[in-house]
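Notes follow once the structure below has been shown.
The values are calculated or read from the model by the stated rules, or taken from the named source; none is laboratory data. Computed from a predicted model, the values in this text were never measured in an experiment. Here the Cβ positions follow ideal geometry from the backbone for every residue, glycine too, while neighbour counts run over all protein chains shown.
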Amino acid sequence: MDKLYIKTQIAMRQAEFPTALKKRENPLPINDRKIITIPGVRRCGKSSRMEAVVNELLAIGTERERFLWVSFDDERLVRMTSDELDQIIEAYREMYPDIDISSVYMFFDEIQLIENWEYFVMRLYKHYTKNIYISGSNATMLSRELKSALRGWPLEEETLPLSFREYCEFKGISTDGWLESDTAKLRNAFASYNKEGGFPEVVLTDNPLQKVKILQAYFDTMLLKDLVEHYGLSNIEVLRYYLKRIMANITKPTSIRAIHGDIKSRGLKVSKDDLYDWANHACDIFMFIRVPNYSRSLQKVESSMPKYYCIDNGLRDAVLLPQSDDDGKKLENTVFLQLYRRRTPIDSIFYYQGRGECDFVVQRGVEIDRLIQVTWNMDDEDTRRREINGLIEAADATGCSNLFIITADHSEKIHLDGGRVIHVIPAWRWLLEK
């Protein structure tokens, strides 16, 4: 690798700071003396969160020369080997020989593309600086192996596409007022958010056709670069069809065995084991998040069919033809993403299935903290009865009495026998709770 090219990249990036940014809810920590890892799906705003750190440091007087930023998505840098990574530090020190390297803030974007990168980061942390931020689009950034390699020092800051509060911030819609005029704007904003999702570039794009093109390009990059290229997969068209099948099935338990049978009936060849691996890889790149069935038996949890939720409603819509019954599926997907976004380190999210079904069982530590049903509306009496009965069954099975139904725009308290209460909450209001 040519060190002159590395120096050019460092200098060009320094010249671009500060960056004009929209505000995100949770800023990254500064001067925590830990390696800050920022995993998340492509294009969800990981780099912007790191740029916000640079902006804040510039605002308190840090010289731009103290920022070493390298993006490994660069066509030439992505070909670097782990042995060549030390050239980055050599290049920087040649550029700024008088700067104390321990005072430098280092940012490495999409570093997971370089094999064995974690050992390079560990050397930096031990011998050069404690101010290190690394982002990546693969869940190996969250793995136990990574924590072991980095000796337990990383602080994880997983990033998702925009929350509803962030979406409103990007759109210039106030979330602080609760007058009728404010709530009307929030209801309209929620309807749009539930359809187009929260990828920042898409939210800031006005042209609907352009939004779809951007999202389709995201999907193609995830498919071809993050899955096919990174994992060495072939059979691209079968893989594409398989991902679409999982997307279409969100909110329902997904049988990979059944999908395998469908693919075989179409005359296509793929092994069942490959399909299981592909599902794992798709979760590793944050395209999907897997939710298991709740049971007190770990064996039953592991053997049950999981549900898969998509990382973004807009991405799913751009890949699939919109379906007439999709508003309810999108609402459930939106609620799941917010539960996932809000979770604490001791939280686990399940679904419950017995005679009836409860969409979300949120466990905190060893206790069941909340039970949540999601439905677009409760106007239909059969729907109302099904949602309530599913909650009651899950409550009886888990012993939890913290019960919720989240709807598009309905509010109510349903009093049950025994003093239990079901809180029916509009999604737009629930999404804005802190």
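Key figures for this structure:
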{"item": "Residue check, residue 275 buried (at least 21 other Cβ atoms within 10 Å of the Cβ) and part of a helix (DSSP H, G or I)", "result": "no"}
{"item": "Qualifying residue in the stretch 45-59 (condition: assigned to a strand (DSSP E or B), touching a strand residue (DSSP E or B) at 6+ places or on another chain (Cβ under 9 Å) and not small (Gly, Ala, Ser))", "result": "no"}
{"item": "Members of the stretch 60-71 that are in contact (Cβ under 8 Å) with a residue 24 or more places away in the chain and surrounded by fewer than 20 Cβ atoms within 10 Å (Cβ to Cβ)", "result": "62, 64, 65, 71"}
{"item": "Selection count where residues are in a strand (DSSP E or B) and of a type outside the set (Lys, Arg), scope the stretch 347-381", "result": "21"}
{"item": "Candidates 332, 387 - the one that is among the acidic types (Asp, Glu), in contact with an Asp or Glu (Cβ under 7 Å, 6 or more places away or on another chain) and either assigned to a helix (DSSP H, G or I) or under 28 Å from residue 244 (Cα atoms) (or both)", "result": "332"}
{"item": "Unique residue being in the same structural domain as residue 242 (by TED's automatic domain parsing), over 24 Å from the mean Cα position of the chain (by Cα) and farther than 20 Å from residue 330 by Cα when the list is 221, 175, 183", "result": "183"}
{"item": "Filtered residue count, the stretch 182-231, keeping only those that are within 30 Å of residue 115 (Cβ to Cβ), of a type outside the set (Asp, Glu), surrounded by fewer than 17 Cβ atoms within 10 Å (Cβ to Cβ) and in contact with a helix residue (DSSP H, G or I) (Cβ under 7 Å, 6 or more places away or on another chain)", "result": "2"}
{"item": "Unique match (being in contact with a Lys or Arg (Cβ under 9 Å, 6 or more places away or on another chain), assigned to a loop (DSSP other than H, G, I, E, B), of a type outside the set (A, V, I, L, M, F, W, C) and within 22 Å of residue 168 (Cα to Cα)) among 409, 327", "result": "409"}
{"item": "Those residues of the stretch 401-434 which are within 14 Å of residue 370 (Cα to Cα) and over 28 Å from the mean Cα position of the chain (by Cα), in sequence order", "result": "401, 420, 421, 422"}
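For (1) touching a residue at least 60 places away in the same chain (Cβ under 8 Å); (2) assigned to a helix (DSSP H, G or I); (3) touching a Cys at 6+ places or on another chain (Cβ under 9 Å), each residue gets a yes or a no:
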| residue | (1), (2), (3) |
| --- | --- |
| 90 | yes, yes, no |
| 94 | yes, yes, no |
| 98 | no, no, no |
| 107 | no, no, no |
| 120 | no, yes, no |
| 124 | no, yes, no |
| 129 | no, no, no |
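Yes or no, residue by residue, for (1) among the β-branched types (Val, Ile, Thr); (2) within 19 Å of residue 154 (Cβ to Cβ):
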| residue | (1), (2) |
| --- | --- |
| 68 | no, yes |
| 78 | yes, no |
| 82 | no, yes |
| 99 | yes, no |
| 111 | yes, yes |
| 118 | no, yes |
| 121 | yes, yes |
